[in-house]
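Undergrad: The structure follows.
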Amino acid sequence: MSVVRLPEKISFTAEQLQKTAAVFNVKVPDKDVEAYRVLLSGLDEAAKAIAAEDDYLPPLDLTRFPRENGHRPETNEYNAWAYKVTIKSTSAVDASGLLAGKTVAIKDNVSIGQVPSLLGTDVIPEGGFVPEYDATVVTRVLAAGATVLGKGACENFSMSPTSFTNAYGFVQNPYAAGYNAGGSSSGCAALVAGGLVDMAVGGDQGGSIRVPASYCGLVGLKPTYGLVPYTGIASLAAIVDHTGPMTKTVADNALMLTVMAGPDGYDDRQIGLPVPVPSYVDELAIYKDDPKQAAKGARIGLVVESFDMPGLDRRVIAKVKQAAKAFETLGVGVTVEEISVPMHAKAPAIWTIATRQGFSEHGLCGQNPVRFGVHDAALNMSLSKWDQEMFDRLALKNPAATNALLGGQVIKDNYPGLTDKALNLARKLKDEYNAVFEKYDVLITPCAPSPANYTSTLDDDIMTKMSKAIGTTINTAPFNISGNPAMSLPICMMSPKEDDSLMLPVGMQIVGKSFGELDIYKVAYAWEQSFDWRSF
């Protein structure tokens, strides 16, 4: 039943009506044209009424959190900064918070009020999208006493596991200039690994926290789906949107998650979130004097399918297995066993089909997914109509994004219902993981399939650019679509295939049951404190 009143003036033309009908491959019969013109003109009136209203966004507290010295960086180490700005709470209470004295970078797809969000792209209008409010995670780190120093560069529309797609400069790996820092939270990884900030807020739809963490020797956690509110962060596909902490140590990661986690009353991804959320930092502090005890009695499963995925460096496979077996040397009763999760091998395909329409229609074309929460109308409007210049700019810098743009339409046109089936199979995947977690506390897989590779260039053809990225998230994306928490923990240094004289970090992925972040932290802390990953 419609609640739209009939209009006083008919504004919708017969030509507009038939053009709209043609989208569905139909034509409105001539005898019905006038009736639909009247009805759709009523819709037009309702749209004008909504457009005339002021938007309703979270308030921005510039008195408590003033912005100072905002600017694009003139000199930019590792090309890691998107925008520099200093923000620190003026509240004496905040000054004694959990993050007091810590410096933080915020991924450039996360809203900071009155600070441009470039999103790593030159497709949106000059100067980027300027939000009117702070993302929940930004407010939380500021209220905990941290000083935000700016926005870390991200990959073009956050759609690349490499650091070669940002429209304003390729982000460099701090361990070796010219090498991949990982994506899409590339700038955040480089800033933390390079010592320019203490910690960072990253984002992860397929591995975009964990892959950069693996390449840059960081602890990067993708939390359980919905644990940390995504409010105020540019979405790609709501079913896989995650934000989480990137740090140098496990303890700092637990500290940051303690600040970031919990419901905010806006994000409908958080429906069903268990409350209260644990104080991860306090729970981990129990083991400070004897870190090995954090892993006492832990039951660890090595997912055999994850080691058989195509494209994995055999040295990475060996090192991850070696690092996992090292838990058994701690003398605290840890067991490590190989286990099978058959659906894990099919998970990359499930993730691909389940997300492709969302990436295309919502992430790139600004079509609202019709969910509750806070929505950025101005950003979505800027992406609502594509033209050749926009496409060409994006294709030059990030063909993975233009491939997603086209791929979503291919799925819609040629495979009706397949996205629905993929989402059903995502539940099957989650159920298989859940069955394993009845016996095991955490699972271990490789994270990135190899050490970082060498940079691509703008002059490379599409397949050369894509070859740097294909397969990178083969073991990380499965846990975006299942929603399980997953961490990259650095375990060793290894030479890239291009240069035997270099040594670059490699991470191991530790996965927990839903809302099992503490299980991950405990075993990761025990490993980190017992072994030196740089010489392991």
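The values are calculated or read from the model by the stated rules, or taken from the named source; none is laboratory data. Since this is a predicted model, take the numbers as computed values, not measurements. Note that each Cβ is placed from the backbone with ideal geometry, even for glycine, and that neighbours are counted across all protein chains shown. Protein only, heavy atoms only, side chains kept; ligands, DNA and RNA dropped before computing areas. Shrake-Rupley method; radii C 1.70, N 1.55, O 1.52, S 1.80 Å.
Undergrad: Answer yes or no as to whether Gly150 is open to solvent by less than 10 Å² (accessible area, probe 1.4 Å), touching a Phe, Trp or Tyr at 6+ places or on another chain (Cβ under 6 Å), on the phi > 0 side of the Ramachandran plot and not aliphatic (A, V, I, L, M).
TA: Answer is yes for this residue.
Undergrad: Between a first residue in region 108-123 that is within 18 Å of Thr63 (Cα to Cα) and a second residue that is assigned to a loop (DSSP other than H, G, I, E, B) and hydroxyl-bearing (Ser, Thr, Tyr), which pairs have beta carbons less than 6 Å apart while being 6 or more apart in sequence or on different chains?
TA: Short answer, once both residue conditions are applied: Gly113/Tyr133.
Undergrad: Here is a further query. Could you list, in sequence order, the residues of region 140-188 that are of a type in the set (S, T, N, Q) and assigned to a loop (DSSP other than H, G, I, E, B)?
TA: First pass over region 140-188, keeping only residues of a type in the set (S, T, N, Q): 147, 156, 158, 160, 162-163, 165-166, 172-173, 180, 184-186.
Those that are of a type in the set (S, T, N, Q) and assigned to a loop (DSSP other than H, G, I, E, B): Ser160, Thr162, Ser163, Thr165, Asn166, Ser184, Ser185.
Undergrad: Sticking with this structure for a sec: Given the criterion open to solvent by less than 70 Å² (accessible area, probe 1.4 Å), in a helix (DSSP H, G or I) and at pLDDT below 95, identify the matching residue among His362, His344.
TA: Sole residue among the options that is open to solvent by less than 70 Å² (accessible area, probe 1.4 Å), in a helix (DSSP H, G or I) and at pLDDT below 95: His362.
Undergrad: Determine which single condition Arg140 fails, assuming it passes every other condition in (1) of a type in the set (Lys, Arg); (2) within 30 Å of Gly178 (Cβ to Cβ); (3) surrounded by 17 or more Cβ atoms within 10 Å (Cβ to Cβ).
TA: So the condition that Arg140 fails would be (2).
Undergrad: Can I ask one more? From the list Gln322, Gln270, Gln293, pick out the single residue that is under 17 Å from Leu489 (Cα atoms) and either surrounded by 13 or more Cβ atoms within 10 Å (Cβ to Cβ) or out of contact with any Phe, Trp or Tyr (no Cβ under 6 Å at 6 or more places or on another chain) (or both).
TA: Gln322 is the lone residue from the list that is under 17 Å from Leu489 (Cα atoms) and either surrounded by 13 or more Cβ atoms within 10 Å (Cβ to Cβ) or out of contact with any Phe, Trp or Tyr (no Cβ under 6 Å at 6 or more places or on another chain) (or both).
Undergrad: Here's another thing I want to ask about it. Ala401 is checked against (1) within 26 Å of Lys468 (Cβ to Cβ); (2) assigned to a helix (DSSP H, G or I); (3) open to solvent by 20 Å² or more (accessible area, probe 1.4 Å); (4) not polar (S, T, N, Q) and fails just one. What number does that condition carry?
TA: The number of the failed condition is (3).
Undergrad: Any residue that is over 15 Å from Ser158 (Cβ atoms), assigned to a strand (DSSP E or B) and touching a residue at least 40 places away in the same chain (Cβ under 8 Å) - is there at least one of those in region 240-247?
TA: For region 240-247, residues over 15 Å from Ser158 (Cβ atoms), assigned to a strand (DSSP E or B) and touching a residue at least 40 places away in the same chain (Cβ under 8 Å): present.
Undergrad: Okay, moving on. Mind checking which residues of region 17-68 are farther than 30 Å from Thr147 by Cα, touching a Lys or Arg at 6+ places or on another chain (Cβ under 9 Å) and open to solvent by 70 Å² or more (accessible area, probe 1.4 Å)?
TA: Glu45
Undergrad: Would you mind stating whether Gln367 is free of Cβ contacts under 8 Å to residues at least 24 places away in the same chain, under 21 Å from Asn480 (Cβ atoms), among the polar types (S, T, N, Q) and surrounded by fewer than 20 Cβ atoms within 10 Å (Cβ to Cβ)?
TA: Against the criterion (free of Cβ contacts under 8 Å to residues at least 24 places away in the same chain, under 21 Å from Asn480 (Cβ atoms), among the polar types (S, T, N, Q) and surrounded by fewer than 20 Cβ atoms within 10 Å (Cβ to Cβ)), Gln367 qualifies.
Undergrad: Filter region 74-106 for residues that are in contact (Cβ under 8 Å) with a residue 24 or more places away in the chain and surrounded by fewer than 16 Cβ atoms within 10 Å (Cβ to Cβ); which is nearest to Val171 (Cα to Cα)?
TA: Keep residues of region 74-106 that are in contact (Cβ under 8 Å) with a residue 24 or more places away in the chain, which gives 76-91, 94-106.
After this cut, where a residue has to be surrounded by fewer than 16 Cβ atoms within 10 Å (Cβ to Cβ) as well, the list is 77, 86, 90, 95-96, 100-101.
Numbers: Glu77: 9, Thr86: 21, Thr90: 33, Ala95: 32, Ser96: 34, Ala100: 28, Gly101: 27 Å.
If we take residues in region 74-106 being in contact (Cβ under 8 Å) with a residue 24 or more places away in the chain and surrounded by fewer than 16 Cβ atoms within 10 Å (Cβ to Cβ), then Glu77 is nearest to Val171 (Cα to Cα).
Undergrad: Please determine, by comparing only the residues of region 296-317 that are of a type in the set (Gly, Ala, Ser) and open to solvent by 20 Å² or more (accessible area, probe 1.4 Å), which one is farthest from Val341 (Cα to Cα).
TA: The selected residue is Gly297.
Undergrad: If you don't mind, another one. Return yes when Pro451 is in a loop (DSSP other than H, G, I, E, B) and of a type outside the set (Phe, Trp, Tyr) and no when it is not. Steps first, answer last, please.
TA: Values: in a loop (DSSP other than H, G, I, E, B): yes; of a type outside the set (Phe, Trp, Tyr): yes.
Here the answer is yes, as Pro451 does meet what is asked.
Undergrad: Pick from Leu429, Leu396, Leu383: which is of a type outside the set (Asp, Glu), open to solvent by less than 20 Å² (accessible area, probe 1.4 Å), touching a residue at least 12 places away in the same chain (Cβ under 8 Å) and over 30 Å from Ala486 (Cα atoms)?
TA: Unique residue meeting the criteria: Leu383.
Undergrad: Another one. Considering only residues that are part of a helix (DSSP H, G or I), of a type outside the set (Lys, Arg) and open to solvent by 30 Å² or more (accessible area, probe 1.4 Å), which ones fall in region 404-416?
TA: Those that are part of a helix (DSSP H, G or I), of a type outside the set (Lys, Arg) and open to solvent by 30 Å² or more (accessible area, probe 1.4 Å): Leu406, Gln409, Val410, Asp413, Asn414.
Undergrad: Next up: Somewhere in region 506-516, is a residue in contact with an Asp or Glu (Cβ under 9 Å, 6 or more places away or on another chain), open to solvent by 30 Å² or more (accessible area, probe 1.4 Å) and more than 18 Å from Ile350 (Cα to Cα)?
TA: yes
Undergrad: Does Gly373 satisfy the condition of being within 30 Å of Ala295 (Cα to Cα) and surrounded by fewer than 21 Cβ atoms within 10 Å (Cβ to Cβ)?
TA: Answer is no for this residue.
Undergrad: Inspect all residues belonging to region 484-495 and state whether any of them is in a loop (DSSP other than H, G, I, E, B), in contact (Cβ under 8 Å) with a residue 60 or more places away in the chain, more than 17 Å from Cys216 (Cβ to Cβ) and under 18 Å from the mean Cα position of the chain (by Cα).
TA: Looking for residues that are in a loop (DSSP other than H, G, I, E, B), in contact (Cβ under 8 Å) with a residue 60 or more places away in the chain, more than 17 Å from Cys216 (Cβ to Cβ) and under 18 Å from the mean Cα position of the chain (by Cα), one finds at least one in region 484-495, hence yes.
For every residue, the table says whether it meets (1) among the acidic types (Asp, Glu); (2) under 20 Å from the mean Cα position of the chain (by Cα).
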{"site": "Leu302", "(1), (2)": "no, no"}
{"site": "Val316", "(1), (2)": "no, no"}
{"site": "Phe327", "(1), (2)": "no, no"}
{"site": "Glu337", "(1), (2)": "yes, no"}
{"site": "Ile353", "(1), (2)": "no, yes"}
{"site": "Asn380", "(1), (2)": "no, yes"}
{"site": "Gln388", "(1), (2)": "no, no"}
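Undergrad: Within the group Gly178, Gly182, which residue is touching a residue at least 12 places away in the same chain (Cβ under 8 Å), farther than 23 Å from Asp241 by Cβ and not aromatic (Phe, Trp, Tyr)?
TA: Just a single option satisfies the conditions, and that option is Gly178.
Yes or no, residue by residue, for (1) in contact with a Leu (Cβ under 7 Å, 6 or more places away or on another chain); (2) under 17 Å from Asp241 (Cβ atoms); (3) not in a helix (DSSP H, G or I):
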| residue | (1), (2), (3) |
| --- | --- |
| Leu255 | yes, no, no |
| Val259 | yes, no, no |
| Gly272 | no, yes, yes |
| Pro276 | no, no, yes |
| Val281 | yes, no, no |
| Lys288 | no, no, yes |
